[in-house]
1. State the number of residues belonging to region 81-129 that are over 22 Å from Ser152 (Cβ atoms) and buried (at least 20 other Cβ atoms within 10 Å of the Cβ).
2. Tell me, please, whether a residue that is more than 24 Å from Trp442 (Cβ to Cβ), in contact with a Cys (Cβ under 8 Å, 6 or more places away or on another chain) and either touching a residue at least 24 places away in the same chain (Cβ under 8 Å) or part of a strand (DSSP E or B) (or both) can be found in region 336-353.
3. Inspect region 488-495 for any residue being part of a helix (DSSP H, G or I) and without any contact (Cβ under 8 Å) to a residue 24 or more places away in the chain and give the result as yes or no.
4. Could you list, in sequence order, the residues of region 301-335 that are assigned to a strand (DSSP E or B) and among the β-branched types (Val, Ile, Thr)?
5. I need a count of the residues in region 200-222 that are touching a Lys or Arg at 6+ places or on another chain (Cβ under 8 Å), open to solvent by 10 Å² or more (accessible area, probe 1.4 Å) and assigned to a helix (DSSP H, G or I).
6. For Thr280, work out the one condition from (1) modelled with pLDDT of 95 or more; (2) open to solvent by 10 Å² or more (accessible area, probe 1.4 Å); (3) in a helix (DSSP H, G or I) it doesn't fulfil.
7. State the number of residues belonging to region 385-421 that are closer than 25 Å to Pro163 by Cβ and not β-branched (Val, Ile, Thr).
8. For region 253-271, state whether one or more residues are closer than 24 Å to Val341 by Cα, at pLDDT 95 or above and away from the ligand (no atom under 16 Å from the Cβ).
Amino acid sequence: MNVISTPVGQSVSRIDGIAKVTGQAKYAAEPHPPGMLYGVVVNSPIARGRIDTVHDAAARQVPGVVEIMTHLNRPHTALFEKAYMDGLGVPGAPYRPLHDGEIHFNGQPVAVVLAETFEAAREAAMLVRVDYERWPHNADFKVSLHQKYMPSKTRSNYVPPRPRGDAARAYALSTVQVEGRYHLAPEHHNPMEMHATTVIIEDDGAFTVWDKTQGPQAVQAYLAGALALSKARLRVRNPYVGGAFGSGLRAVYNVFLATLAAKMLKRPVRVTLTRPQMFTHVFRPEAIMDIALGASRDGTLQSMIVEGVTDTSRFEHNMENIVIWGLINYRCPNATADYKVAPRDTYTSSDMRAPGAATGVNLLEMAIDEMAYACTMDPLAFRLHNYSDTDAMHDMPLTSKALREAMAQGARHFGWQRRSMPPGSMRDGRELIGWGMATGIWDAMFSPTSARARLGQDGRLHIATAASDIGTGTYTILAQTAAEAFGMPLDRIDVELGDSTLPQCPTEGGSWTAASAGAAVWLACLSLRRKLIDMLARSKNAPPWVKQDTVTLEGGILHDVTENGPVSLSLPDALSLAGYDALEAEETAKPGLRGKISQMRKARFTHSAVFCEVRVDAELGTVRVTRLVNAVAAGRILNPKTAASQIRGAMVMATGMALHEESLMDERVGRFMNHNFAEYHIPTHADIPDMDVLFVNEHDDEVSPLGVKGVGEIGMCGTAAAIANAIFHATGRRHRNLPITPGA
Ligand code: MOS
């Protein structure tokens with residue numbers, strides 16, 4: 001029989017792949033309800049001030065224009081009430097679209113033109129003229145550093161790291177010292193699909209909102225609060241998401257404005273954002289980290305002092321975990337970290353793939369490389385020498401840490417032992433060859449999640465949970481998990497995601513979906529299987545052999561062996577014998593599921609070791625990344641093919657972080673000026689080498705019910721540093737600013 005008995009762990013191609021490449025997969029801007037209006041947003045060209053007058057007469061003359069919604073004529077809703085709190089946002093006073101005439105940032109929406117056609121809406125939007133009273137603003141990160149602050153505990157979701165020892169004294173006493181300011185430029189997510197919302201009004205007046213989001217239930221909760229709508233009359237859908245990288249964790253203004261307009265005009269509405277509009281609303285904060293490392297001559301770390309600053313808006317405190325990672329990952333008796341945010345008159349910076357760690361791990365791993373060289377130690381040997389088997393910051397045991405194995409396997413695969421230590425010593429003709437490495441660390445999180453499994457009369461298994469597949473392969477791994485738990489061939493499984501009406505699932509992010517939704521699907525399938533066999537056992541019509549303990553469900557068929565030979569029963573027959581049209585089970589996966597109390601008293605992380613080869617043109621200074629090897633320890637890998645794709649995608653992003661991506665602020669107007677793909681550089685195919693991804697065998701039955709840690713973000717962590725460290729090895733020149741550009 002040609003049945004894959006263990007679908008989990010197989011390199012299965014995406015089950016949603018054909019729908020995506022043939023255009024059958026529907027994205028947020030694609031539903032087209034009859035009578036739909038197109039909304040185009042007009043944005044403020046100034047960063048701070050107040051709207052004096054809105055001149056919309058000319059815009060209203062454009063044929064097809066139905067309404068121009070501004071703060072002056074928008075309907076009043078709960079969002080505009082004083083007590084309103086944005087549950088999805090970060091601490092602070094959330095910005096409220098079209099609240100009043102005050103301008104807080106360049107790119108702030110000041111009007112939405114609603115018209116019968118997109119063309120009319122766009123033309124009219126260009127004719128809306130707004131007079132502003134201009135106030136002084138600051139959008140310069142360097143200037144904002146003078147106002148850096150730490151929000152009070154009650155206004156922050158940030159937990160400061162726990163210091164240990166006396167880091168300042170230990171630093172002063174250290175024989176080897178490395179100290180420097182490291183900098184990361186702001187970056188933009190730029191998913192292929194831009195933010196968009198289509199609001200459909202159902203026959204009974206309820207709203208179905210298609211939104212580009214990572215969390216349909218989170219957007220449902222946001223809209224219910226913002227518009228005082230009952231959740232029962234507000235369904236949010238996002239069955240397909242064209243990439244997000246964190247840009248869809250919060251509700252973006254298009255979803256509020258589209259739903260508000262639909263409510264006001266009682267017509268379906270679609271609002272899509274343009275690429276330049278995306279640049280004003282979602283970006284990884286600019287960061288500086290002042291790092292001081294002290295070590296003894298033998299390469300033992302004695303002190304780590306990390307001080308970080310990132311930007312935020314004037315109205316919200318966006319804080320990331322940028323300074324904690326080294327304190328967790330390295331054994332070092334004296335360590336301290338401090339973190340502040342610097343306010344600017346821009347929109348609030350946001351989570352972007354591995355928020356905090358992409359910044360903090362990469363910048364720290366560049367400093368660690370400097371320290372290894374200062375101790376004249378091989379960078380890999382230095383890391384092994386200072387390896388911590390526990391969470392060194394919390395002094396807590398870990399559920400697992402196969403970083404040592406990742407380092408060993410990555411090094412072997414890369415050929416690290418053939419590296420010669422001195423910078424510039426591995427030349428090939430006019431090219432300088434550099435080999436660098438770094439380690440990565442990211443959270444391995446798990447959140448309570450529910451899922452439903454339903455067996456239909458057609459013999460198909462239907463899986464449902466409100467997870468989102470943001471391009472990560474969630475549909476596929478959940479089908480594999482269901483196949484294994486239930487005993488069903490993959491092609492007889494349907495997975496339904498991206499709908500707020502489905503069983504509760506957290507927003508997709510933080511690399512926790514595979515562990516969380518996977519566990520829920522696993523439990524629901526086991527429960528359904530048990531239910532089916534119990535029903536049959538109690539049924540008068542079922543053959544007696546199904547009552548045996550030895551009955552199995554495999555390949556979508558019930559089997560057993562009796563004294564007369566093998567017997568089997570199809571699932572549709574089993575259902576009819578039990579007297580059911582369909583059978584379903586819903587289960588919730590929670591931490592501590594396997595009775596492991598220790599789970600909450602252990603720290604949980606994913607680790608990686610990244611190795612990189614660069615070739616630098618000795619005369620021109622141009623850099624080519626020619627090899628990347630990433631050895632990842634992420635617990636159980638559900639699907640090596642889609643998991644490796646996640647790591648590769650993140651390594652491409654990290655190559656951009658190391659060499660290309662940089663959003664440049666025009667401080668005079670307070671707006672990122674390179675807000676398009678011509679001027680915001682990202683790696684192209686020619687910039688990306690062959691990338692090898694290895695998954696280290698890591699068994700961990702405490703981290704999450706299935707032993708899964710998640711792989712969406714770990715590929716970012718360490719990769720940019722490995723590239724920077726390889727450039728040093730090639731050239732002997734240290735760069736402390738990312739991206740690294742010739743001459744910078
Ligand atoms: Mo990710 S930044 O948690 O979507």
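The values are calculated or read from the model by the stated rules, or taken from the named source; none is laboratory data. Just so you know, these numbers come straight off a predicted model, no measurement behind them. Neighbour counts run over all protein chains shown; Cβ positions are idealised from the backbone, glycine included. Side chains included, ligands, DNA and RNA excluded: accessible areas come from the protein's heavy atoms. Shrake-Rupley method; radii C 1.70, N 1.55, O 1.52, S 1.80 Å.
1. Counting residues in region 81-129 that are over 22 Å from Ser152 (Cβ atoms) and buried (at least 20 other Cβ atoms within 10 Å of the Cβ) gives 19.
2. Within region 336-353, none of the residues are more than 24 Å from Trp442 (Cβ to Cβ), in contact with a Cys (Cβ under 8 Å, 6 or more places away or on another chain) and either touching a residue at least 24 places away in the same chain (Cβ under 8 Å) or part of a strand (DSSP E or B) (or both).
3. Yes, region 488-495 contains at least one residue that is part of a helix (DSSP H, G or I) and without any contact (Cβ under 8 Å) to a residue 24 or more places away in the chain.
4. Ile305, Val306, Val309, Thr310, Thr312
5. 2
6. (1)
7. Of the residues in that region, 15 qualify.
8. Looking through region 253-271, at least one residue is closer than 24 Å to Val341 by Cα, at pLDDT 95 or above and away from the ligand (no atom under 16 Å from the Cβ).
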